[in-house]
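Reading through the C-alpha cells given below for one structure.
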Amino acid sequence: MYEKKIEYDNKNETIKITISVKRRKKATQEKFRFYSDPFDLIDDKSIKRGEYKLISSPSLTISNINDKIKYTQTGTWVYKKNETRKTRTRKARAKKTTTNKTEVQVPKASSASSRKEEDKLLGIEKLERVSVET
C-alpha cells in the first residue's frame, strides 16, 4: 500500500523517513491512511528510539484519498540524534555545624498549686487512669 524510503546522514546523526502512496483512482480501490509510527519501520535494531528526537513531520495525514485539505500522498519525518551531554556530578555540601547558643532554662521545682494554676491558664487537663476490674 505504501512505499518507504529511509536515509541515514552523517553516521546516523539524522534519519529521514519518507512515506509515499499512490493516489486512489477508482472508488472500488481500498482507502488507506498511514497512522503508525514511522520510526518502527526502521529495520536496524542498533538504532534505539530514545536516542533520537523528532525534528519535523508532515502536517497532513498520509493517505491515498483525493482530498487535498486533509490528506497528502507523501510525507517526510526527520529525526535527529540527541546530544549526549556529560552530566556534572554534584559536590556534596559541607554540613554546617551549629551550636545552640540559647540555653534552655529548666524551671525550678514549684508548688503543686502554682502548677495547677499554670495548667488552667494553658487549658491543660490531667486525665486520670482508671482501672477496670473484671
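For the pair Lys80 and Phe32, a Förster radius of 30 Å applied to the C-beta separation gives a FRET efficiency near 0.55, rounded to the nearest 0.05.
For Lys4, the shell of other residues with beta-carbons less than 13 Å away shows a net charge of -3, using +1 for Lys and Arg and -1 for Asp and Glu.
Across the cross-link table entries Lys48/Lys91; Lys5/Lys48; Lys31/Lys81; Lys26/Lys81, which are compared at the Cα atoms, the separations over 30 Å belong to Lys48/Lys91; Lys31/Lys81; Lys26/Lys81. Using only the Cα atoms of the stretch 2-81, build the gyration tensor, take square roots of its eigenvalues as a ≥ b ≥ c, and label the shape rounded, prolate or oblate: rounded if a/c is under 1.5, else prolate if a/b is larger than b/c, else oblate. Cα axes put the stretch 2-81 in the prolate bin.
Ranked for footprinting exposure by Cβ neighbours inside 10 Å, fewest first, Lys45, Lys80 give Lys45, Lys80.
Under 18 Å of direct C-alpha separation, and excluding same-chain neighbours fewer than eight residues apart, Lys120 reaches no lysines at all.
All of the numbers you see were taken from the coordinates with simple rules; none came from a lab. Bear in mind the structure is a predicted one, so any value in this text is a computation, not a measurement. All Cβ positions, even for glycine, are placed from backbone atoms using ideal geometry, and neighbour counts span all protein chains on display.
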